[in-house]
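Asker: Okay, here's the structure, questions in a sec.
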């Protein structure tokens, strides 16, 4: 099916619906009788799918075999507009024999919302609507809401898990229709509205718990128009950051799961705009780290061609930025697909320590612990292939992926590249990694003082400092008294290797319990029980 909507950018809602009303009135009254004429007229009119629903609600045509037959013919078209009008005309009139065609058409993201509405109106076709919703995340909320309270226990459980009630509440509070009003129902979008909607889209796409993007079917269309309008904006660093940030979500975030076959086209348009803006960014890169970040990241904003890929996604430094590691299987970000977005994990956790290495002995690996649930997969080398299989999820065992097989040489090469790549590290993060590696390699560094293995970390909010936490006594169980010590590490302007050496030397030279402060609301009482002098740490966790 063609992906183009030729003249959408030039028409506002009122103009679109006037033309559509005139056309659909002809269709429903029988004036437009020829199937070929009907099809050709469909392809000439600019509209969104919600325009068709609104106009048909107003016209309220009487059901007729002629309209049903015309709708079925339109569903076989290669043109998206013809398909959308066919779906709208068929909704409420479809029969059981229409289910296979509706399932086929419904796999396309643009048609899924209307296809599931048509299926939900057919007695006994609820599981077919669920089948589409499991493949097109953007309609899960609508199908879940429609099937809430269904008498079939399995259908009801699915509906409870996928109902959009919570997200609808969130969107209503934030102004859920703002995207449609600002981007789709206006013939002209000014710069201020474009900037504001770009920020809204990014906030919807990127959230540490789950993505809000795609819970309403016009989200994808709004994103398409926002990207299409980018080339008409004056170049600024702020706009380049928005484009680059959203592009990463299209590459490796939940937006990739939602937009599906539109992904490569959207990314290509963003790269072209950023390339045209490169001179503006180069002029400011020396003084603005965000401009340098866009120039560095934009060439790589492409969907990986490899079946197994590890992508380190960084955020713009404003003034600092975060980072996470995202795994893509067959070009799809696996955690975003299963969890509906959310944070995929620090690179040190996902990549380091041999977590992804494949051996002849099967290993069950904790891939993600999203929102209190654990996702496991077994990784094993079988001859010339590496296999990911036997998925296990503590929450939704019915939504687990199948088996993946990768070329072993390509897999090993990708893991090695991910482990070796430190281009995303800032100096304090390098210090944290080096210190933690030294502590793991030599437990006696802290063990000589009866202290447990430490955790060293530098967050995205403070790039010039790190913190080291360690516990005393080393062998204390959860119900035994223990205190946590926190040591601040200043990295500003210093060589990371030298800083790490100094930290290890300090821990070896004298008992850190006598100089490092403690954290915890009950640390004073616990220190007294352990016979320690209490010093409260002034270092916050960063």
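Asker: Between the stretch 479-511 and the stretch 39-117, what is the separation of their alpha carbon centroids in Å?
Answerer: The distance from the Cα centre of the stretch 479-511 to that of the stretch 39-117 comes to 66 Å.
Asker: Hey, with R₀ at 22 Å, roughly what FRET efficiency would residue 95 and residue 60 work out to, going by the Cβ-Cβ distance, to 0.05?
Answerer: 0.55
Asker: Taking the 0 to 90 degree range and rounding to the nearest ten, how far is the long axis of helix 496-509 tilted relative to the main principal axis of the chain, both from C-alpha atoms?
Answerer: Taking Cα atoms only, the helix is inclined about 40 degrees.
Asker: Between residue 278 and residue 29, how many nm apart are label points set 7 Å from Cα along the C-beta direction?
Answerer: 5.7 nm
Asker: Follow-up question, since we're still on this one. After finding the eigenvalues of the alpha carbon gyration tensor for the stretch 418-498, what semi-axes result from the square roots of 5 times each, listed largest first in whole Å?
Answerer: One finds semi-axes of 26, 14, 11 Å for the stretch 418-498.
Asker: Return one quarter of the surface area of the convex hull spanned by the alpha-carbon atoms of the stretch 169-303, equal to its mean projected area, in nm².
Answerer: That works out to 8.1 nm², a quarter of the Cα hull's surface.
Asker: Could you work out the percent of alpha carbon pairs in the stretch 242-386 separated by over 20 Å, rounded to a whole number? All intermediate terms of the calculation are to be shown ahead of the outcome.
Answerer: On the way: 5553 of 10440 pairs.
The share of Cα pairs beyond 20 Å in the stretch 242-386 comes to 53 percent.
Asker: Between 0 and 90 degrees, rounded to the nearest ten: what's the tilt of helix 165-174 against the longest Cα principal axis of the chain?
Answerer: Helix 165-174 sits at roughly 90 degrees to that axis.
Asker: Between residue 366 and residue 501, how many nm apart are label points set 7 Å from Cα along the C-beta direction?
Answerer: 3.5 nm
Asker: Let me ask something else. Could you run the Debye sum over the Cα atoms of the stretch 248-303, one equal point scatterer each and no solvent, and tell me log10 of I(q)/I(0) at q = 0.24, 0.30 Å⁻¹, two decimals?
Answerer: -0.89, -1.11
Asker: Still on this structure: Considering the stretch 323-420, what Rg and Dmax in Å follow from its alpha-carbon atoms?
Answerer: In Å, with Rg to one decimal and Dmax whole: 12.9, 36.
Asker: Taking a virtual spin label 7 Å from the Cα of residue 305 along the C-beta vector, which residues in the stretch 413-435 bring their backbone nitrogen under 19 Å of it?
Answerer: 413-415, 417-418
Asker: How far is helix 191-205 tilted, in degrees, relative to the longest principal axis of the Cα atoms in the chain, given as a value from 0 to 90 rounded to the nearest 10?
Answerer: Once rounded, one gets 70 degrees.
Asker: Something else: Roughly what would the spin-label model give for residue 329 and residue 478, points 7 Å off Cα along C-beta, in nm?
Answerer: Modelled inter-label distance: 2.9 nm.
Asker: Report the Cα-based extents of the chain along its three principal axes, largest first, to the nearest Å.
Answerer: Sorted from largest, the Cα extents of the chain read 93, 57, 51 Å.
Asker: Which length gain, in nm to one decimal place, applies between residue 44 and residue 287 when the Cα-Cα distance is subtracted from 0.36 nm times their residue separation?
Answerer: Working: separation 243, 0.36 × 243 = 87.48 nm, distance 4.93 nm.
Residue separation times 0.36 nm, minus the Cα-Cα distance, leaves 82.6 nm.
Asker: Using every alpha carbon pair in the stretch 13-144, what percent of pairs falls into each 5 Å bin from 0 up to the bin containing the largest distance?
Answerer: With a bin width of 5 Å, the distribution comes to 2, 11, 23, 23, 21, 12, 6, 1.
Asker: Now a separate question. Between residue 264 and residue 461, what length in nm is gained on full extension when 0.36 nm per residue of separation is reduced by their alpha carbon distance?
Answerer: Computed gain between residue 264 and residue 461 is 67.7 nm.
Since every read-out is calculated from the coordinates, none of them should be taken as a lab result. Bear in mind that the values here come from a model prediction, so they are computed numbers and not experimental data. Glycine gets a Cβ as well: all are built from the backbone with ideal geometry, and neighbour counts include every protein chain shown.
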